1. What's the extension gain from Arg75 to Ile12 if we count 0.36 nm per residue and subtract their Cα-Cα distance?
2. Quick check: pseudo-label points 7 Å beyond the Cα along Cα→Cβ at Arg25 and Asn53, how many nm apart are they?
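Every number in this text was worked out from the coordinates using simple rules, so none of it is lab data. For clarity, every value in this text was computed on a predicted model and none was experimentally measured. Cβ placement follows ideal geometry from the backbone for every residue including glycine, while neighbour counts extend to all protein chains displayed.
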Amino acid sequence: MAVKLGTWLPRIAINSALMMLRKKRASPEIATDSNDKFDADGLRCEISDHVPNPESVTSQSEEESMLKKAIQPLRPTLGS
């Protein structure tokens with residue numbers, strides 16, 4: 001089945017645009033106050049996400065693993 005470039009390319013563009021719209025719609029909006037005040041641009045202020053990024057999570061996991069490997073061969077102290 002041969003697909004013409006003239007129909008294939010616009011379909012890709014349409015699907016990409018629809019995906020972008022779905023992502024925008026799926027993002028949660030958080031009200032910062034009950035008065036519906038907007039900033040100078042007419043946009044709501046966004047609250048920053050304090051979840052650690054994947055790089056820092058991976059780095060911390062690697063550090064913990066290295067620490068466990070370093071501690072494992074140590075003997076427990078006697079008499080304390």
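1. Working: separation 63, 0.36 × 63 = 22.68 nm, distance 6.27 nm.
Computed gain between Arg75 and Ile12 is 16.4 nm.
2. 3.1
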